[in-house]
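Below: the structure, in structure tokens.
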Amino acid sequence: MPIEHLRRLLRTRRRRVVAVLVVLVVLVAGFGLRLASVAADAASHLQRAAALVTDLETQLRRGDLGAARVTANELRRQTAAARADAHGPSWWLGRRLPVAGDDLTAVGAVADAVDALAARALPPLLDAAEGMSGAMGRGSGGTEADLKTVENAAPRITAAAAAARAAQRRLEGLDRAGLSPRVRAAVRQVADGLDKVVPLLDPAARAARLLPGLLGADGPRTYLVLFQNLAEVRATGGMPGAFAVVKADHGHIELVEQGTAAKTLREFDTPVLPLDPDQQELFTDRLGTYPADVNLTPDFPTAAALIREMYRQRSGRTVDGVFATDPVALAYLLGATGPVTLPTGDQLTAATAVRQLLSEVYLKIASEPDQDAYFAGAAKAVLDRLMGGVPMSQALVSALSRAAEERRLLAWSAHPEEQRELAGTVFGGTLPEQDGAHPTVGVFLDDGTGAKLGYYLTRSVQLESGRCLPDGTRPLRLTVTLGSTAPKTGLPRSVLGLGLAGEYTVRTNVLVYAPAGGSPVSATQDGAPTDFGTGLDKGREVAVFTVDLAPGAQSTLVVDLATPPLPVQEAVEPRLVLTPGITPWTTRLQPGRACEK
């Protein structure tokens with residue numbers, strides 16, 4: 001081949017290579033620009049979605065469900081657009097690039113997670129909220145359709161919970177070490193949000209399944225509503241005093257009857273139902289014969305079944321379930337609904353309800369019948385306010401949530417399928433059958449004075465978890481301090497009651513429930529070793545102490561307990577379950593360190 005021809009051929013090939021390289025550079029630059037544009041669009045949609053979430057939270061707090069629905073629709077549009085950007089061809093190729101690929105994969109996961117919540121979780125949750133708002137805020141009708149809306153939302157919320165958990169697992173599986181700081185922060189923010197939302201979805205689904213039936217969607221229901229008098233302490237809160245019977249029929253609720261445990265139900269000669277042998281030994285037959293003592297046990301299903309039967313035997317009416325609440329919970333609700341006016345002309349407000357119902361009534365009204373009438377009037381005024389239609393609001397939801405978390409709203413259903421749903425929830429009023437990795441200790445109080453001096457009882461508790469032992473168990477140390485702020489003189493007989501421990505002395509039986517499978521070991525009272533009674537309740541070992549407090553006195557119990565071998569060797573966070581009081585317990589929990597290997 002001539003030299004000149006070879007040179008021309010090489011020059012031609014060089015021009016072609018250069019042309020190809022130029023084309024490749026243009027393509028890569030175009031791809032980079034396209035990818036940058038798509039990434040910017042996705043980021044913009046996600047930033048807008050974040051702002052909408054803030055708006056949505058504000059609207060829900062105000063109870064403005066109409067505005068929340070509009071915001072949710074726009075949120076869905078933004079998250080869908082972000083997700084579409086994150087699943088296009090440019091994004092698919094970009095994810096396979098070094099360095100940038102990790103960020104793009106993470107942003108895609110974030111877009112999927114946020115879109116799953118906007119598309120699958122928010123719509124049924126808003127449907128349920130609107131249905132409940134209609135049912136609770138109704139005038140005189142229209143609630144049957146509202147209840148159907150709530151019922152239809154339940155399976156969709158369940159599906160949304162599964163989708164949210166899947167998104168949660170995907171974010172947990174991301175390797176965040178190689179992400180840019182901005183993307184890592186976004187992943188953390190969304191993951192934290194999922195951690196807050198996911199635990200709420202299953203309870204929301206359960207509520208949507210339960211509420212229509214409880215409110216009579218399938219036919220009329222009647223319920224016994226107990227008002228616990230916290231001035232005379234019982235394990236679930238206070239002595240059952242006044243009660244009401246309400247009827248629910250397709251969302252319409254009406255008051256059927258009112259009465260008192262002492263006067264309407266009265267004492268029975270023998271237990272109204274066969275008693276659990278362990279409970280009978282621990283609490284005697286009083287559990288099944290005295291309406292005021294059905295809740296000596298902290299197990300609310302036991303107390304509810306007993307008082308339901310007592311009511312049936314006295315009235316001939318069989319109720320579908322039992323609810324219990326107390327004046328502190330009523331005060332929370334009044335904070336959301338506003339004050340109510342009693343038949344006496346007094347106003348019951350969030351600030352005054354506890355003092356009026358648990359102290360002043362005894363100081364100002366001498367006769368027991370007049371006191372009962374006052375309690376009945378207060379109960380009716382609050383029920384009328386709630387049954388007359390209360391708009392759903394964040395304040396109302398917060399009040400109900402706070403009362404439930406403090407075990408001030410308890411519920412039991414005579415319908416087995418509903419009771420299975422209630423069991424284990426904050427409304428169930430039970431201790432868990434198994435504690436798992438969280439040793440659970442119960443501290444419950446029963447009045448031993450026969451008086452209304454519980455109004456003056458102060459309480460604090462501390463639970464410390466010790467080092468794990470070679471057999472896998474851990475020692476726990478429980479410290480309970482009770483005090484009395486009762487005056488030395490000036491209280492009427494209706495407060496001093498039977499005075500079983502002496503005038504003005506508060507006697508309290510303290511029941512310490514060991515962790516499931518664990519046991520009490522030893523105890524001191526005010527620094528000196530002390531004996532204690534023992535028993536069983538629902539499979540848990542119970543230690544029983546009696547504490548007598550003169551006015552101004554204080555007493556401290558220190559109880560050492562042992563857990564069973566625990567399933568984990570990591571740090572252990574013990575849990576406390578307590579009798580709710582007029583004022584909150586002062587509590588302190590000290591977790592146990594991880595076991596040494």
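Where the centre of each part is set by its Cα atoms, how far does the range 447-511 sit from the range 535-589, in angstrom? If you average the Cα positions of each part, the centres end up 11 Å apart.
Multiply the residue gap between ASP526 and GLU267 by 0.36 nm, knock off their C-alpha separation, and tell me the result in nm, one decimal place.
So the chain would gain 89.5 nm between ASP526 and GLU267.
Solvent-accessible surface of the range 444-527, averaged per residue with a 1.4 angstrom probe and all protein chains in place: 37 square angstrom. Counting only protein heavy atoms and using a 1.4 Å probe, the accessible area of MET310 comes to about 0 Å². Taking every protein chain into account, the 1.4 Å probe leaves SER359 with about 10 Å² of accessible area, to the nearest ten. A Cβ-based charge dipole, computed about the Cα centre of the range 464-549 with Lys and Arg at +1 and Asp and Glu at -1, lands at about 200 debye.
With 0.36 nm allotted per residue and the present C-alpha distance subtracted, the THR587-ARG477 stretch has 38.3 nm of extension available. Take the Cβ atoms of LEU498 and SER460, set R0 to 30 Å, and the FRET efficiency comes out at 0.65. By the Cα gyration tensor, the range 289-399 has an equivalent ellipsoid whose semi-axes, rounded to whole angstrom, run 26, 20, 14 from largest to smallest.
Computed from backbone phi with θ = phi - 60° and the Karplus coefficients 6.51, -1.76 and 1.60, the 3J(HN,Hα) list for the range 286-295 is 3, 4, x, 10, 9, x, 6, 10, 4, 10 Hz; x is used for glycine and proline. Taking 7 Å steps out from each Cα toward its Cβ at VAL577 and SER367 produces label points 4.3 nm apart. Residues whose amide H falls under 5 Å from that of VAL426, counting only those 5 or more places apart or on a different chain, are absent, with hydrogens built in the peptide plane. The mean accessible area for residues of the range 299-343, using a 1.4 Å probe and ignoring ligands and nucleic acids, is 31 Å² per residue. Phi angles of the range 399-409 translate, via the Karplus equation with coefficients 6.51, -1.76, 1.60 and θ = phi - 60°, into HN-Hα couplings of 5, 5, 5, 5, 4, 5, 4, 8, 6, 9, 10 Hz per residue; Gly and Pro are given as x.
For ASP115, the accessible surface of its heavy atoms amounts to roughly 20 Å² (probe 1.4 Å, protein chains only, rounded to the nearest 10). Using the Cβ-Cβ distance between SER315 and ALA51 with R0 set to 45 Å, the FRET efficiency from 1/(1 + (r/R0)^6) comes to roughly 0.20. Each residue of the range 431-443 was assigned a 3J(HN,Hα) from its phi angle through the Karplus expression (A = 6.51, B = -1.76, C = 1.60, θ = phi - 60°), giving 8, x, 5, 10, 8, x, 8, 10, x, 10, 10, x, 10 Hz with x at Gly and Pro. If you sort THR440, THR587, THR425 by accessible surface, 1.4 Å probe, largest first, the order is THR587, THR425, THR440. Fully extending the segment from THR284 to ASN152 would add 42.9 nm, taking 0.36 nm per residue of separation and subtracting the current Cα-Cα distance. Calculated accessible area for the range 227-280 comes out at 39 Å² per residue, all protein chains present (probe 1.4 Å; ligands, DNA, RNA ignored). Along its first, second and third principal axes, ordered by size, the range 364-489 spans 61, 49, 30 Å in Cα coordinates. The residue list THR260, LEU342, LEU296 was ranked by how far each Cα lies along the charge dipole of the range 252-407 toward its positive end, using unit charges on Cβ atoms, and LEU342 comes out on top.
Straight-line cross-link reach from LYS364 at under 14 Å between alpha-carbon atoms covers these aspartates and glutamates, not counting any fewer than eight positions away in the same chain: ASP346, ASP372. Expressed in whole Å with the largest first, what are the equivalent ellipsoid semi-axes of the range 518-583 derived from the C-alpha gyration tensor as the square root of 5 times each eigenvalue? So the three semi-axes of the range 518-583 are 26, 16, 14 Å. A Förster radius of 45 Å, combined with the Cβ-Cβ distance separating GLU254 from ARG165, puts the computed FRET efficiency at roughly 0.65.
The values are calculated or read from the model by the stated rules, or taken from the named source; none is laboratory data. Just so it is clear, the model here is predicted, and its values are computed rather than measured. Cβ coordinates were reconstructed from backbone atoms using ideal geometry, including for glycine residues, and neighbour counts include every protein chain displayed. We work out accessible area using only protein heavy atoms, side chains counted, and drop any ligands, DNA or RNA first. Shrake-Rupley method; radii C 1.70, N 1.55, O 1.52, S 1.80 Å.
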